[in-house]
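Shown next, in structure tokens, is the structure this report addresses.
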Amino acid sequence: MRVGFDITWMRPDNRSGGIYQYAFRLILALVEHTDVSVVTIVKPAGKGILEHLKGYRNFREVIIKPFSSFSDTVSSEKIDVIHTPMQYFLNFSYSVPMISTLHDLQHFYYPEFFKTHEIKFRNLFYKYSAEFGERVIVSFKHVREDTIKFYGIPGDKIDVCPIGFISPKPLDGSLFQVIKKKYSIPENYIIYTANTWRHKNHINLIRALKTVHEKYGLKIHLVCTGYKYPDYFPVLQSTVNNLNLNNFIKFTGYIQEDEALALLKNSTLAVIPTLYEAGSFPLMEAMAYEVPVICSNVTSLPDTIGDKRFIFDPNDIDSIAEKIATMLTDEKLKTINIKNSNVRIMLNNWQNTVPIFLESYKKAVEGFKKKGRTGYLKAKTKNFCYTGLRFAFYTRDYLSNLRA
């Protein structure tokens with residue numbers, strides 16, 4: 001089987017997003033743990049992103065040439081199935097089955113975190129991409145249930161393919177001292193790795209830190225890595241100022257992966273206070289690098305960490321603070337936390353989860369063959385045309401809003 005990945009959207013400057021990490025790690029896992037031929041389709045701006053995989057016989061990077069179509073590339077590379085590891089299709093092919101990954105339908109739960117045009121975009125493109133594709137991949141059962149409930153996609157078309165834990169790569173021990181000086185990092189600190197989107201809930205973590213200081217007398221610092229979005233970061237900075245925590249909280253902004261991992265590995269505790277999460281790579285990284293970690297009791301996080309002693313209500317500041325204080329002072333619980341992570345990693349590594357993806361690809365290919373190309377076209381053309389028309393109207397309205 002030749003599996004094609006449409007990653008024409010990937011560039012070196014968008015590495016910090018969760019979808020980027022999902023695509024990057026899934027492709028790596030397929031190349032390392034299977035004999036399947038993996039073909040990544042990129043644009044010139046994304047050339048070399050997966051340079052480290054070019055030594056593998058079953059990996060190939062293809063750059064879409066000027067005046068060449070996506071379908072031409074699929075045909076010339078003899079690809080059997082296309083997986084677009086994001087929530088909607090950027091490119092279409094009628095010659096082979098297509099699969100998208102639907103990561104979350106968060107906007108149904110927190111519409112206040114999205115602008116009106118963003119919700120319209122999601123409900124248009126997420127839904128019709130799910131309908132157009134031969135199959136839909138999700139990482140967790142709750143996303144499958146949401147996809148059935150909100151978009152009416154048949155359950156037997158949706159495959160739950162869990163994300164595997166990474167194997168931690170060796171870190172340069174001397175790097176931390178350089179980073180520590182570069183970003184003025186204190187000796188003991190809590191870490192949270194996330195872009196400053198509202199649902200990442202930095203604000204309640206900041207407030208909980210104030211409680212940890214005042215109620216528990218633990219003057220711990222907080223280091224936050226991730227892109228500082230200008231539409232919301234000022235709110236966080238204002239909260240830090242109002243609580244007089246300027247000397248205890250550091251927002252580094254987006255930093256390179258090796259620096260972020262060094263900060264994680266040398267932290268006292270990792271905290272994941274998000275309000276909604278399709279799948280948390282920062283949580284999984286903390287567990288893989290044997291850093292004590294606690295997280296919210298929402299969506300996929302309890303299933304990932306597995307032990308209720310290490311979760312909290314992200315809307316309850318006292319709950320967050322109490323859990324942080326306990327983890328900072330109870331050495332026995334820290335040890336239990338790390339042992340729990342080791343067990344979870346053994347159960348959910350990529351070697352165990354990659355075959356589930358392969359089964360989804362196989363179903364897509366077999367389903368496509370049964371329908372035949374004529375049947376496939378008949379089933380998809382109406383939806384594709386409708387989506388195209390909706391896209392045209394949406395783009396018109398969207399551009400009008402920007403000019404306004």
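The values are calculated or read from the model by the stated rules, or taken from the named source; none is laboratory data. No experiment lies behind these values; they were computed from the predicted model shown. Note that each Cβ is placed from the backbone with ideal geometry, even for glycine, and that neighbours are counted across all protein chains shown.
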Query raised in the report: Among the residues of the stretch 334-367, which ones are without any contact (Cβ under 8 Å) to a residue 40 or more places away in the chain and of a type in the set (A, V, I, L, M, F, W, C)?
Result: Ile336, Val343, Met346, Leu347
Requested in this report: Can you confirm whether the stretch 151-167 contains a residue that is surrounded by 17 or more Cβ atoms within 10 Å (Cβ to Cβ), among the polar types (S, T, N, Q) and either under 16 Å from the mean Cα position of the chain (by Cα) or on the phi < 0 side of the Ramachandran plot (or both)?
Outcome: no
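So that you can scan it fast, the table gives a plain yes or no per residue for (1) without any contact (Cβ under 8 Å) to a residue 60 or more places away in the chain; (2) in contact with a Cys (Cβ under 6 Å, 6 or more places away or on another chain); (3) crowded, with 22+ Cβ neighbours inside 10 Å:
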{"site": "Asn241", "(1), (2), (3)": "yes, no, no"}
{"site": "Thr252", "(1), (2), (3)": "no, no, no"}
{"site": "Glu257", "(1), (2), (3)": "no, no, no"}
{"site": "Thr274", "(1), (2), (3)": "no, no, yes"}
{"site": "Ala278", "(1), (2), (3)": "no, no, yes"}
{"site": "Tyr289", "(1), (2), (3)": "no, no, no"}
Report task. With respect to Val62, determine if the residue is buried (at least 20 other Cβ atoms within 10 Å of the Cβ), at pLDDT 90 or above and either touching a His at 6+ places or on another chain (Cβ under 7 Å) or aliphatic (A, V, I, L, M) (or both). Result -> no
Query raised in the report: Among all residue pairs at least 6 apart or on different chains, which show Cβ distances below 8 Å where the first residue, located in the stretch 145-156, is under 13 Å from Leu105 (Cα atoms) and at pLDDT 95 or above and the second is assigned to a loop (DSSP other than H, G, I, E, B) and of a type outside the set (S, T, N, Q)?
Result: Asp146/Asp104; Asp146/Leu105; Thr147/Leu102; Thr147/Leu105; Thr147/Ile153; Ile148/Pro154; Phe150/Leu105; Tyr151/Leu105
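Looking only at the stretch 82-139, which residues are among the small types (Gly, Ala, Ser), in contact (Cβ under 8 Å) with a residue 40 or more places away in the chain and outside any loop (DSSP other than H, G, I, E, B)?
If the condition is that a residue be among the small types (Gly, Ala, Ser), in contact (Cβ under 8 Å) with a residue 40 or more places away in the chain and outside any loop (DSSP other than H, G, I, E, B), then Ser129 is the only one that fits.
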Query raised in the report: Would you call Val223 of a type in the set (Val, Ile, Thr) and over 30 Å from Pro170 (Cα atoms)?
Result: no
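Assess whether Leu50 counts as being surrounded by fewer than 21 Cβ atoms within 10 Å (Cβ to Cβ) and in the same structural domain as Gln87 (by TED's automatic domain parsing).
Numbers: surrounded by fewer than 21 Cβ atoms within 10 Å (Cβ to Cβ): no; in the same structural domain as Gln87 (by TED's automatic domain parsing): yes.
Answer is no for this residue.
Quick grid of which residues meet (1) under 26 Å from Val365 (Cβ atoms); (2) in contact with a Leu (Cβ under 9 Å, 6 or more places away or on another chain):
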site: Leu105; (1), (2): no, no
site: Tyr110; (1), (2): no, yes
site: Ile119; (1), (2): no, no
site: Tyr126; (1), (2): yes, yes
site: Ser129; (1), (2): yes, yes
site: Val143; (1), (2): yes, yes
site: Thr147; (1), (2): yes, yes
site: Lys157; (1), (2): yes, no
Query raised in the report: Quick check: anything in the stretch 305-326 in the same structural domain as Tyr192 (by TED's automatic domain parsing), surrounded by fewer than 17 Cβ atoms within 10 Å (Cβ to Cβ), modelled with pLDDT of 95 or more and β-branched (Val, Ile, Thr)?
Result: yes
Query raised in the report: Cys224 versus (1) modelled with pLDDT of 95 or more; (2) in contact with a helix residue (DSSP H, G or I) (Cβ under 6 Å, 6 or more places away or on another chain); (3) not in a helix (DSSP H, G or I): which is the lone unmet condition?
Result: (2)
